[in-house]
Amino acid sequence: MATPERTARARAIIERGVDWPLVAHLASVQAVMPLVYRYLTAHYVAADGALSAEATSDLRRAFYGNSVRNLHFARELIRLTALLEQGGVAPLALKGPALAVAAYGGVALRQFTDLDLLVRKGEVGRTVEILLNEGYAARAGCGLADLGRPGAYEIAMGRPGALGEIDLHWRLIPPYFPLVLDGEDLWRRAVRVEIEGAAVRTLAPADHLLYLCAHGAKHGWQALGGICDLAELMRVSPIDWEELCARAARAGARRALGLGVLLAHELLGAAAPASVLDEARRERAVVRAARSVIGYVTNPTGDGPGFRQRWSVPLRVIAAPGARLRYLAARALLPSADDRGFVRLPVVLYPLYYLLRPLRVALKEGPAAVRRLVRSAPSPADHASR
């Protein structure tokens with residue numbers, strides 16, 4: 001939210017000189033590009049000409065490209081939702097256009113690259129059948145066999161020429177991460193949001209808020225955009241915080257909720273009950289996780305957060321030691337769809353994926369870890385100055 005103090009501080013930064021291509025790049029990496037563009041054009045270009053339109057040309061192109069892509073996704077969501085409902089399936093839209101409308105009031109003000117749908121586990125087969133008839137196909141390594149695989153909770157599907165995939169969920173979060181927020185209550189509490197003149201069902205605001213907290217923690221809060229989503233949803237939605245905290249406790253996600261709310265408050269000034277903030281600040285693990293995320297967001301790198309943040313933040317929101325061990329084992333050893341798509345093995349050789357998984361994690365994380373070590377290592381000049 002713009003305040004006179006923030007506007008004055010931003011104006012001072014602009015007057016000192018800004019690398020605008022870098023701003024556009026970092027805004028996209030942090031998934032806040034639409035918000036940055038709207039803020040700049042509202043307060044510095046349109047208002048008094050303090051900032052030239054040429055300075056924000058990269059942001060402007062990215063904003064309108066994102067708007068067109070989001071509109072495409074929104075119309076595809078409407079079309080598929082109608083087809084699924086006609087076929088007897090009751091999908092709930094997660095994140096994507098539904099959250100853009102619920103939190104920001106329009107589909108253009110979020111960055112997203114796919115569609116997420118939640119269906120009941122018993123409806124997955126019928127949903128896949130309908131999507132296959134629409135030209136979609138399961139991504140390599142995905143399929144209905146995932147319904148019985150440990151740790152599985154979604155199937156990714158795409159079609160030729162599409163701008164992105166559909167992630168078809170039957171659970172909100174992998175079973176090895178603490179968020180037991182499934183069942184008929186989600187459908188009973190679901191709400192409808194209007195997108196492009198059509199109504200789409202999505203999670204109730206409190207459920208969506210708790211899901212965003214768990215989803216962000218699971219990924220180590222990799223981008224500021226997710227925290228903005230949380231802050232805006234908190235701002236525009238009437239939340240029964242006592243009930244939400246009780247629900248988080250039942251779901252095993254009290255720390256995840258505390259971390260998300262603390263980040264939204266500390267980074268963006270989001271209003272939250274003092275009791276929720278105080279409880280989060282009393283949890284040493286939550287405070288350490290918040291410091292890690294805030295440190296990255298306030299001093300970001302061009303290639304996203306490091307391995308340490310993406311693994312330590314999820315671990316810190318898991319309270320029970322046994323649950324942390326299960327999480328580590330599952331994330332390090334359970335084959336993912338990417339592992340199965342990387343090498344297609346016959347069923348009889350499936351156990352080899354358990355050997356491939358840690359190797360692929362090392363290959364994926366190793367180069368970036370080395371780059372960060374090199375960047376953080378003191379230079380010869382530093383040694384000489386000591």
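The values are calculated or read from the model by the stated rules, or taken from the named source; none is laboratory data. Owing to the predicted nature of the structure, the values given are computational and were not obtained by experimental measurement. So basically every Cβ, Gly included, is an ideal-geometry build from the backbone, and we count neighbours across all protein chains shown.
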Among the residues listed as ALA8, ALA42, ALA102, the single one being assigned by TED's automatic domain parsing to the domain that holds HIS169, without any contact (Cβ under 8 Å) to a residue 12 or more places away in the chain, part of a helix (DSSP H, G or I) and small (Gly, Ala, Ser): ALA8
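Let's see how each residue does on (1) at pLDDT below 85; (2) more than 19 Å from PRO150 (Cβ to Cβ):
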{"site": "ASP339", "(1), (2)": "no, no"}
{"site": "ARG344", "(1), (2)": "no, yes"}
{"site": "LEU363", "(1), (2)": "yes, yes"}
{"site": "HIS383", "(1), (2)": "yes, yes"}
Filter result (of a type in the set (A, V, I, L, M, F, W, C), outside any helix (DSSP H, G or I) and within 20 Å of GLY226 (Cα to Cα)) within the range 11-32: ALA31, VAL32
Residue selected from the range 192-211 under the condition touching a residue at least 60 places away in the same chain (Cβ under 8 Å) and among the hydrophobic types (A, V, I, L, M, F, W, C), by the criterion nearest to VAL261 (Cα to Cα): LEU203
Go through the range 132-146 and count every residue that is under 23 Å from the mean Cα position of the chain (by Cα), surrounded by fewer than 18 Cβ atoms within 10 Å (Cβ to Cβ) and within 25 Å of LEU181 (Cβ to Cβ). 0
Residue within the range 2-17 that is touching a Phe, Trp or Tyr at 6+ places or on another chain (Cβ under 9 Å), modelled with pLDDT of 90 or more and not polar (S, T, N, Q) present: no
Name the residue, out of ALA253, ALA248, that is small (Gly, Ala, Ser), under 20 Å from GLU283 (Cα atoms) and touching a Pro at 6+ places or on another chain (Cβ under 8 Å). ALA253
Odd one out for PHE112 among (1) in a helix (DSSP H, G or I); (2) under 22 Å from the mean Cα position of the chain (by Cα); (3) surrounded by fewer than 22 Cβ atoms within 10 Å (Cβ to Cβ): (1)
State whether one or more residues within the range 319-326 are modelled with pLDDT of 80 or more, surrounded by 11 or more Cβ atoms within 10 Å (Cβ to Cβ), in contact with a helix residue (DSSP H, G or I) (Cβ under 7 Å, 6 or more places away or on another chain) and assigned by TED's automatic domain parsing to the domain that holds VAL287. yes
The condition of being at pLDDT below 95 and either surrounded by 20 or more Cβ atoms within 10 Å (Cβ to Cβ) or closer than 30 Å to VAL23 by Cβ (or both) holds, among HIS219, HIS208, only for HIS219
Kindly list the number of the only condition in (1) outside the structural domain of GLY306 (by TED's automatic domain parsing); (2) surrounded by 14 or more Cβ atoms within 10 Å (Cβ to Cβ); (3) among the basic types (Lys, Arg) that fails for LYS364. (2)
Select the helices (runs of 4 or more DSSP H) contained entirely in the range 191-258, then report the ones holding at least 2 residues which are assigned by TED's automatic domain parsing to the domain that holds ALA272 and of a type in the set (Asp, Glu). 224-236, 241-251
So is ARG316 buried (at least 19 other Cβ atoms within 10 Å of the Cβ), of a type in the set (Lys, Arg) and touching a Phe, Trp or Tyr at 6+ places or on another chain (Cβ under 8 Å) or not? no
All-but-one check, GLU129 against (1) surrounded by fewer than 20 Cβ atoms within 10 Å (Cβ to Cβ); (2) not in a helix (DSSP H, G or I), failing number (2)
Could you go through the range 287-298 and let me know if any residue there is more than 27 Å from HIS25 (Cβ to Cβ) and not polar (S, T, N, Q). yes
Out of curiosity, is PHE63 over 16 Å from LEU131 (Cβ atoms) and either assigned to a strand (DSSP E or B) or within 16 Å of the chain's Cα centre (by Cα) (or both)? no
Quick count over the range 271-291, residues being more than 21 Å from GLU232 (Cα to Cα), without any contact (Cβ under 8 Å) to a residue 24 or more places away in the chain and of a type in the set (Gly, Ala, Ser), is 0
Within the set of pairs 6 or more residues apart or between chains, which connect a residue that is among the charged types (D, E, K, R) inside the range 61-80 to a residue that is surrounded by fewer than 22 Cβ atoms within 10 Å (Cβ to Cβ) and outside any helix (DSSP H, G or I) with Cβ atoms less than 6 Å apart? ARG69/LEU163
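Residues checked against (1) acidic (Asp, Glu); (2) in contact (Cβ under 8 Å) with a residue 40 or more places away in the chain; (3) under 30 Å from LEU40 (Cα atoms):
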residue	(1), (2), (3)
GLY88	no, no, no
LEU115	no, yes, yes
LEU131	no, yes, no
ARG139	no, yes, no
ALA145	no, no, no
GLY164	no, yes, yes
Among (1) aromatic (Phe, Trp, Tyr); (2) assigned to a helix (DSSP H, G or I); (3) surrounded by fewer than 21 Cβ atoms within 10 Å (Cβ to Cβ), TYR176 falls short only on (2)
